Each structure stands twice: as structure tokens, then as C-alpha cells.
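Each remark here refers to the structure printed beneath this line.
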Amino acid sequence: MFHHFKIMKSLLSLIFTFIFLSNSFCFADRIKDMASLAGVRSNQLVGYGLVIGLAKTGDGSVNLTKQSIAAMIAQFGVIADTADIDATNSANVMVTANLPPFAKPGQTIDVTVSTIGKAKSLKGGTLLMTGLKGADGEVYAIAQGNLVVGGLGVEGADGSTTIQGTPTVGRIPGGATVEKLVENTFLEKDNIVLNLHQADFSQANRIANTINETFGPEVAIPMDSTSIKVRTPANPSQKVSFIGLLENINFEPVTPKAKVVVNSRTGTVVIGGDVRISPAAVAHGSLSVKIQEDTKLLSEGTGTVVGSSATVSGTAATTAADTQIEVDEEPARAFVFDPGIELQTLVDALNETGTTATDMVAILEALREAGALRAELIII
């Protein structure tokens, strides 16, 4: 058994040397940058807490904050009525954190503290002991400490205010201590599953082939466009070394799917690789209508002054509504494109004619509907 372990250790060392030399002579992507291990993820934690020590920027008369203060000091044998409590220097907050995978009791994690009441700023505040719960309702960490607030809020005597950043949100680096371990069956499984960040059948197949070329045949099997099942060593002590080698394998990624991403709010257009356009003719113009309302004088009024009371008599002026409508339609700009041109050629042509971002988005949507855009159009 000891001899078998030495052979396995030597084999892993040779594979690591091979991967290191491969990394020195080629520029490719690592598996760890393209995929993640199934089941190895962080868990969200949340808790309700109380921040004290604020410089009169707290919740003030919020009854919920007063109840929280009363409940807090009641744990120390002090009974107080909410009517006697001033929450000007306190604020009720929600505390959130991410519990990393394999986090052990005693380790610390960062927490984010956000107000839920009338507090204007958490600057200078201290978070009192707060339990952070997971989705199952169990407490996995305890948070407490002084807040670091990047925002700034200033209020003048006349009621004028100025705010920079977000003073109602703060962080406590290493402010929570892990109290409970999240159970994980990582070492008990004979296989692991790699999940690609972007689903692609070709990519999954290439990664599986690269793993098999490195570790041997049938070690990796692509399951679908997202997942790849990889056989791991039976000895739990070798799993970590094996996955460390696996993640650092370099491979030549396949060409990504042709995509065009359009932000309709800002007019931002991001063009992926290999985007093509089939034969198409594009004509685009703009129409503007201007309406101006005015009053036109038809005849002047006549009148005389009677007596010392300055009474005016006579006829009033005659007027009529005067509406002017101007319609300005620019001539449609036509473009004819040959088969298989790149979308960049279209974008350059539109930019040269002064086409706005809104016009460009409209043209791309029309090309998709016509079936001329050889790419997936994603509008966000």
C-alpha cells in the first residue's frame, strides 16, 4: 500500500511538471477560469442587528429601534420603557455576509451593514453582537465591530444637505466569526462535476478531451453543454492534489458563439467574435416634427377716454390662433452589404454617417427580424 502511494505521488509530480512546462510555452485558458466545481460554493447569511455610537445621525423616534434597544439592555437585567429611550445615536440594521466554501469555525469573514430605518449615516458606529443565519434558519456566524463607512453626509442649519457616496451602508472587514461548519460531501464522492460558466457543447467536449489527454482515457466525460464529470482518486488525501492539477490544465478554448449585446438604455453595443451579416440592404432615415403655437393680430382696437375716471370705450382688438407645423424628414441612407461581411463593417459605415446610438439599435433589431444577422442578439 505504501509502495502504491509512492507511485501515485510520483505520477502526480510528473503530471504537475508537465503542466508547468506547458504553461511556460503556450498562452491558453485554464480550466479554473472557465469552470467551477459543482457543490463548492458560498452560502448567503443575513441577520438583524443594532448599531450604536452614532453622532446624532440615527433613527431618532423610530419605535422599532427603541424596542431593539429595550430588548438588548433587558438581557443585562435593565428594564426600560420605550418612551424613555432616545434612538438618536442608534440605528437598526440588516447585516449580510457570504460564507465561503469549507469555512471552518474560528475563521473570520467580512460583513456588510445597511440601515432599514431613518438613520442618515452609520459613520463612527459600532455593530453590537448579531447572529447571522443561513437559509435553514441556523446561526453560522456572529458579527460585531466598528463600521467602515465610505460615504459622507452633511446637513446645514437651514435644512440644506449634501451626500457623497452611501453613508447608510458600511462594512466590517473580518467582522464576523464563523461558528458552524457547513457540511460538505466533497471528500466522500468518487467523481466531481465541472460546470462551465458559459454553456457550450464544443467547449465541454474540448475540456474533457484535454483532461483525458493529461490523466488518461475515460477520466472525464462530458454530460451536456454545461457539465463534465471527472473521476477522482479513491484516496481522499489525493483529491486536493488532483483537483489542484486539474484546475491548472491549460487548453485552447473554442471560438465562442456569435453574439451581439445591446443596452437599449445607454445605446452601448458589444459585438462578439465571428459575427456575420448575410446579403442585406439597409435604409434608415429620421423624421422630426416641430409645432409652434402663437397668437396673430388681425385688427387693432379703437377707444376714447371719457371723463376724469379714465373710462375706456370702443372696440377690442381682434386676434386668432396661429399654429405653425414644420416637418423635416432626412433622406433615408441606404447601405448594401455583400454576403458574409463582418458586423464591424456595418457599425463603421453607420458611424461615418453620424447615426445615433438609438438608430444603431433599431437597425440591429431590424436585421435580426429579417434573418440577416448571423448572431444571437441580446437586448438588456
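Where a number appears in this text, it was derived from the coordinates with a stated rule and is not lab data. All values derive from a computational prediction rather than experimental measurement. Note that we place each Cβ from the backbone using ideal geometry, even for glycine, and neighbour counts take in every protein chain shown.
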### Message
Quick check on the exposure proxy: order 241, 61 from fewest to most C-beta atoms within 10 angstrom.
### Response
61, 241
#### Entry: Cα-projected label distance for residue 238 with residue 270, points at 7 Å along beta-carbon direction, nm
4.2 nm
### Query
Label residue 248 and residue 133 with points 7 Å out from Cα along Cα→Cβ: what is the distance between them in nm?
4.3 nm
### Pairwise FRET efficiency - residue 358 versus residue 169, Cβ, R0 = 35 Å, nearest 0.05
0.50
### Query
What is the order of 240, 182, fewest Cβ neighbours within 10 Å to most?
240, 182
### Query
If you take the beta carbon distance between residue 74 and residue 278 as r and set R0 to 51 Å, what does 1/(1 + (r/R0)^6) give as a FRET efficiency, to the nearest 0.05?
0.10
